[in-house]
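*Asks:* Below is the structure I would like to discuss, written out as structure tokens.
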Amino acid sequence: MSRQYVSVSIQLPLGGHSFSEEQLLTLIKGVDPREVEVVLPTLRLALVPFNQYSANPADHLRNVGRPMLSSETLVAECTEQGITAFMAVDAECHALLCRHLGEYVRYRTPLFLAPAVERGVVLLLVEGLLYVRLYDQSQLLFADVYEANNDADILYILSMIDHTYSIYSMDLSIDSRVEGNQLRLLRLCKPLFKSCKCV
């Protein structure tokens with residue numbers, strides 16, 4: 001059975017969600033709730049190895065300088081290679097999803113939508129957020145999300161990562177599973193990387 005993705009755009013500066021209850025019902029109409037995954041773009045993201053949980057998971061967001069707002073609640077996704085992604089989501093939005101999907105509400109970070117690579121960089125730009133993953137010998141070396149409001153932000157972020165990891169000598173894969181910005185990233189990154197492709 002093919003998995004249905006319900007992409008939910010959380011507008012944290014607006015303090016709410018960018019879809020109405022009617023829009024949500026249209027998205028999930030006729031879909032088995034067990035097959036729905038909510039893709040949550042947010043800067044409030046912390047990646048934590050399975051064996052390093054805090055007694056208070058919200059501490060993980062504070063530790064990376066992205067504390068939750070009082071209007072938010074914490075959700076989690078078990079990702080690849082023994083990592084859990086903790087994310088903050090607007091509490092009203094979460095309650096709305098729970099009301100219609102019940103116990104089956106599952107969140108995913110856009111960071112891990114595209115498959116891993118043997119060696120290289122995987123990028124995704126969605127809603128002003130740049131998601132970056134770096135692999136070597138199929139091992140995840142680095143992963144994070146950055147606010148990227150314009151091309152200069154993207155180029156600065158990549159140059160800072162290159163300063164530490166020399167990513168420009170690697171292949172680049174641009175995640176095309178979330179609609180939008182692939183061509184923009186391709187235009188910016190093609191002169192920088194060894195090779196670029198959309199996946």
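The values are calculated or read from the model by the stated rules, or taken from the named source; none is laboratory data. Predicted model only: the values in this text are computed from it and were never measured. Virtual Cβ from ideal backbone geometry, glycine too; neighbours counted across all protein chains shown. Note: accessible area is taken over every heavy atom of the protein model, side chains too, but ligands, DNA and RNA are not part of it. Shrake-Rupley method; radii C 1.70, N 1.55, O 1.52, S 1.80 Å.
*Asks:* Would you check if Asn63 is under 25 Å from Ile174 (Cα atoms), among the polar types (S, T, N, Q) and open to solvent by 30 Å² or more (accessible area, probe 1.4 Å)?
*Replies:* no
*Asks:* Based on what the data block shows, is Leu97 buried (at least 18 other Cβ atoms within 10 Å of the Cβ), in contact (Cβ under 8 Å) with a residue 60 or more places away in the chain and within 15 Å of Leu40 (Cα to Cα)?
*Replies:* Yes, satisfied.
*Asks:* Please enumerate the residues belonging to region 109-143 that are open to solvent by 40 Å² or more (accessible area, probe 1.4 Å) and of a type in the set (D, E, K, R).
*Replies:* Glu118, Arg119, Glu127, Asp136
*Asks:* Go through region 116-143 and report how many residues are touching a Pro at 6+ places or on another chain (Cβ under 6 Å) and within 17 Å of Ala85 (Cα to Cα).
*Replies:* Residues that pass the stated criteria total 3.
*Asks:* Still on this model: Can you tell me which of Gly82, Gly30 is at positive phi and either of a type in the set (Val, Ile, Thr) or in contact with a Pro (Cβ under 9 Å, 6 or more places away or on another chain) (or both)?
*Replies:* The conditions single out Gly82.
*Asks:* With (1) at pLDDT 90 or above; (2) of a type outside the set (Val, Ile, Thr); (3) in a helix (DSSP H, G or I); (4) over 26 Å from Gln139 (Cα atoms) as the list, and Leu27 as the residue in question, which single condition is left unmet?
*Replies:* It fails just one condition, (1).
*Asks:* Please enumerate the residues belonging to region 109-126 that are aliphatic (A, V, I, L, M) and in contact with a Phe, Trp or Tyr (Cβ under 8 Å, 6 or more places away or on another chain).
*Replies:* Result: Leu111, Ala116, Val117, Val121, Val122, Leu123, Leu124, Leu125.
*Asks:* For region 155-174, check the following and say yes or no: at least one residue is closer than 30 Å to Pro33 by Cα and at pLDDT 90 or above.
*Replies:* yes
*Asks:* So which helices (runs of 4 or more DSSP H) are wholly in region 52-171 and hold at least 3 residues that are within 18 Å of the chain's Cα centre (by Cα)?
*Replies:* Counting at least 3 such residues, we get 58-63, 151-165.
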